[in-house]
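Trainee: Input: one structure, supplied below.
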Amino acid sequence: MSSPVETPPAKKPADDGKSVIDMSKMNEGQRAALQVTEAARESHDDISFGGNLFMGRWKPEKLYPLTDIDPEEKPRADKFLADLATFLREKVDADLIDRTGEIPEEVQAGFRRLGAYGIKVPQKYGGLGFSQTTYCRACLLMASHCGNTFAHLSVHQSIGVAQPILLFGTEEQKTKFLPRSAAGELAAFALTEKGVGSDPARVTTEAKPDGDDFILNGEKLWCSNGTRAGLLIVACKTPPKLVDGKPRTQITTFVVEAKSPGVEVVHRSRFMGLHALYNGVIRFTNVRVPRANVIGGEGRGLKVALSTLNSGRLSIPASSIGVAKRSLQIAREWGKERIQWGVPVGQHAAVAEKIRRIAAHAFAMEAMLITTSRLVDRDKKADIRLEASMCKMWGTEKAWMCLDELMQVRGGRGYENVESLKARGEKPYPVERMMRDNRVSMIFEGSSEIMRLFIMREALDPHLKVAGIALNSERPWGERIKSAFAAAGFYAWWYPRQWLPFGGGAPAGMHPRLADHMDGVGGLSRRLARTLFHQMVKFGPKLEKRQVLLGRLADIGTDLFAIAASCIFAQKQINDGQPADRVLVLVDDFRAQAMLRIDQNFRGIGNNADQHGYDLAQQVINGDHQWVEQGIV
Ligand SMILES: Cc1cc2nc3c(=O)[nH]c(=O)nc-3n(C[C@H](O)[C@H](O)[C@H](O)COP(=O)(O)OP(=O)(O)OC[C@H]3O[C@@H](n4cnc5c(N)ncnc54)[C@H](O)[C@@H]3O)c2cc1C
């Protein structure tokens, strides 16, 4: 169904390859970072559910109805997932792997036998050829049991060779590399360097053309699987291109054979959790790589890396669901089993509140992920940037919340490690290990802060397309005036519609309670859209600096997406035979929790101490309040 507040498409601005963002007030570092990431942005004409949500356009038909995976795939996928679950349960000792920091060879051999290194690789290249949904279910399963083996397999196929080659590889590259990857020759993805974390424009690893080859020099940091990999995806700086007479950094991505002369593992990194992650520092000294190993074309490396992360990113929230479901299982058992003050602890309201939060969020996380995965299965080129980022940012944060609540439900036993619990004859729930293994999920493959910026960049995109040129002091006046007239026409039509006093409607066939929730989300999306617009008018180009405020808007949009996905997922469960009241109670409760956050975030937009807090932080960094640190060692 279509929104009653349909907006006419904005006239497309002339695509001259220049960014519509005004960078005139930025320093060189900010400008370079933004230029490079803007140039690497994917561009889609068809705006996704999430993009429309931020524009106050209600498009549930983009997600609804939720369909099953292909009937051809279903029996094969069910068997694979059942075999994988049995293998994990019987042969993968997650605590041993955590303790020793090694994944035993027989475990890796077992994964190879199951085909777990090539879950999404098409069968014609030696993989299992499963959908994104089945892949996510496999990730969920692995992470619910063992964070280390999940990370090992997910890095290999979500960001290692398989994903970028599937997205951007030539037929020759697919034929050469995919069978090796599917057979279990370990793959890694090397973007990060000492000076390159969230800001990929600063890549220093260099690839110099030399005849039909490139010569690579540099050092990559924290390359997961890197110390054992046979194939590395490496992002390098290649000779700059002249844009408007100025040199512009070019990033190019290569497949590098790890056994090539000059590739050296110089350090294995060790972390708080994920003890068996084969992660390290990889040095490249005069490494010769054939031009045929460039992925996606010279200068398109960041696009390759960012697009790889976009779809690859879904495996992390899949792991978050595994963690949340396991947390729920442990909280359920312990909440009933542990008696204190005469009753099971789960009957004390303060503990019940935690169990309720874990249950509702585990349900909503799965709803968001499966809804998004199905978009990819329907159309491999679908624009899921916003939805995938929301799944990653929200899923990892909510999984951490679930773990934190679980730790409290378990009391002192949550903090005690498995060996100690076992030695005392108690049930060895691995809460302490799960916490250690999971904290990094909010940092790697796009930190939560970067995800919020990314979400808001995409949310603002329709506005930038309509009004960006008019507001951009770097553009000629003629262009700006023309754009201002076009923008005025658009907003005269669009803005009044964001005040229409009714909901968004719901797709036909939904349970009345779910339809009611959906209708409410549609209405709230207009409140979100006009609030975002008001902030744009208030702050102009400086809005970009208001990260905390933008974060609130990103969080509202994400919670709205979570409610809508929960309703759609719930309808599917009911259609598949789940008793409606058992499903509805979860949706109702999740919605109630999400609405509290949404209300609070809306309130915080007009009433906050953001600027005061920012100023204080700058004073702290400048050392003005070092006196507060007195009294420590
Ligand atoms: C266990 C582990 C495995 C990893 N595996 C890989 C891998 O396989 N391949 C690979 O290439 N990399 C890998 N990484 C690197 C990982 O992706 C980076 O840690 C991540 O990109 C963040 O970079 P950083 O740690 O340098 O943080 P920084 O970029 O230095 O950021 C520090 C803090 O500032 C915030 N921040 C930075 N910029 C902004 C901004 N503009 N606005 C607001 N906040 C900002 C960040 O969110 C963070 O909170 C791994 C890291 C770890 C810890």
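Every read-out reported here was derived from the displayed coordinates using simple, explicitly stated rules and does not represent laboratory data. The structure presented is a predicted model; accordingly, all values stated were derived computationally and were not measured. With ideal geometry, Cβ positions are generated from the backbone for all residues, glycine too; neighbour counts draw on all protein chains shown.
Trainee: Could you give the dipole magnitude of region 313-442 about its Cα centre, charging the beta-carbon of Lys and Arg +1 and that of Asp and Glu -1, in debye to the nearest 20?
Mentor: 140
Trainee: Using the alpha-carbon centroid of each, what span in Å lies between region 321-363 and region 35-68?
Mentor: Value for the Cα centre distance between the two parts: 36 Å.
Trainee: Can you compute log10 of I(q)/I(0) for region 199-286 with the Debye formula, treating each Cα as one identical point scatterer, at q = 0.12, 0.15, 0.16, 0.24 Å⁻¹?
Mentor: Ignoring solvent entirely, the Cα scatterers give -0.41, -0.60, -0.67, -1.20.
Trainee: Among CYS146, ALA182, LEU84, whose Cα sits farthest toward the positive end of the charge dipole of region 73-182 (+1 at Cβ of Lys/Arg, -1 at Cβ of Asp/Glu, about the Cα centre)?
Mentor: ALA182
Trainee: Moving to a separate point now. May I ask for the net charge around ILE598, where only other residues with Cβ less than 13 Å from the Cβ of ILE598 are counted and Lys, Arg are +1 while Asp, Glu are -1?
Mentor: It works out to a net charge of +2.
Trainee: Using only Cα atoms, figure out Rg for region 313-442 and give it as a multiple of 2.2 N^0.38 Å. Don't skip to the end; give the middle numbers.
Mentor: Working: Rg = 16.5 Å, N = 130, 2.2 N^0.38 = 14.0 Å.
Relative to the rule-of-thumb radius for its length, region 313-442 sits at 1.18.
Trainee: Now a separate question. Under a plain spin-label model, where a point goes 7 Å from the Cα along Cα-to-Cβ, how far apart in nm are ALA508 and PHE539?
Mentor: Output for this residue pair reads 4.3 nm.
Trainee: Sort out for me the Cα centre separation of region 168-205 from region 513-547, rounded to whole Å.
Mentor: A separation of 37 Å, based on Cα centres.
Trainee: Can you compute the charge dipole magnitude of the chain about its Cα centre, using +1 on each Lys and Arg Cβ and -1 on each Asp and Glu Cβ, nothing else charged? Give it in debye, rounded to the nearest 20.
Mentor: On the way: 85 positive and 73 negative charges, 93 e Å.
So the magnitude is around 440 debye.
Trainee: With unit charges on the beta carbon (Lys/Arg positive, Asp/Glu negative), name the residue among ALA617, ALA109, ILE215 whose Cα is farthest towards the positive pole of the charge dipole of the chain.
Mentor: The Cα lying farthest towards the positive end belongs to ALA617.
Trainee: With charges set only on the Cβ (+1 for Lys and Arg, -1 for Asp and Glu), what does the dipole of region 187-308 come to about its Cα centre, in debye to the nearest 20? Before the final figure, lay out the partial values.
Mentor: Working: 17 positive and 11 negative charges, 46 e Å.
So the dipole magnitude of region 187-308 works out to roughly 220 debye.
Trainee: So, by mean Cβ neighbours within 10 angstrom, what's the order for 402-411, 350-359, 310-319 with the highest one leading? Present the calculation step by step, with values, prior to reporting the outcome.
Mentor: Working: 402-411: 20.7, 350-359: 18.5, 310-319: 26.9.
Listed from highest to lowest mean packing, they are 310-319, 402-411, 350-359.
Trainee: Something else: How long are the semi-axes of the equivalent ellipsoid of the chain, taking √(5λ) for every eigenvalue λ of the Cα gyration tensor, in whole Å from largest down? Intermediate values should be presented prior to the final figure.
Mentor: Details: eigenvalues 259, 236, 132 Å².
Listed largest to smallest, the semi-axes of the chain are 36, 34, 26 Å.
Trainee: Another question, then. Residues with beta-carbon under 11 Å from that of TYR125, excluding TYR125: net charge, scoring Lys, Arg +1 and Asp, Glu -1? Show your work: numbers first, answer last.
Mentor: On the way: positive: LYS120, LYS124, LYS174, LYS176, ARG180; negative: GLU171.
That works out to +4.
Trainee: Have a look at THR67, ALA94, GLY551 and report the one farthest towards the positive end of the charge dipole of the chain, computed about the Cα centre with Cβ charges (Lys/Arg +1, Asp/Glu -1).
Mentor: Towards the positive end, the residue furthest out is GLY551.
Trainee: While we're on this one: Per 5 Å bin, what is the whole-percent P(r) computed from every C-alpha pair distance within region 216-263?
Mentor: With 5 Å bins starting at 0, P(r) equals 5, 18, 25, 21, 11, 9, 7, 4, 1.
Trainee: Additional query: Which order, highest average first, do 388-398, 365-375, 516-526 follow once you tally other Cβ atoms within 10 Å for each residue and take the mean per peptide? The partial results should precede the final answer.
Mentor: Details: 388-398: 27.1, 365-375: 25.5, 516-526: 22.1.
Packing order, densest peptide first, comes out as 388-398, 365-375, 516-526.
Trainee: If you don't mind, another one. If contacts are Cα pairs under 8 angstrom and at least 6 residues apart, what is the relative contact order of the chain in percent? Provide the component values of the computation, followed by the final result.
Mentor: Working: 1034 pairs, mean separation 101.8, N = 633.
Relative contact order of the chain: 16 percent.
Trainee: Taking one equal scatterer on every alpha-carbon of region 73-182, how large is log10 of I(q)/I(0) by Debye at q = 0.17 1/Å?
Mentor: Taken in order of the listed q values, log10 I(q)/I(0) reads -0.77.
Trainee: Report the local net charge at LEU616: Lys and Arg +1, Asp and Glu -1, summed over other residues whose C-beta lies under 12 Å from its C-beta.
Mentor: -3
Trainee: While we're here: Would you grab the residues whose amide H sits under 5 Å from the one on ASN279? Only those 5+ places off in sequence or on another chain, please, with H modelled 1.01 Å from N.
Mentor: For ASN279, the qualifying residues are ASN225, THR227, SER269.
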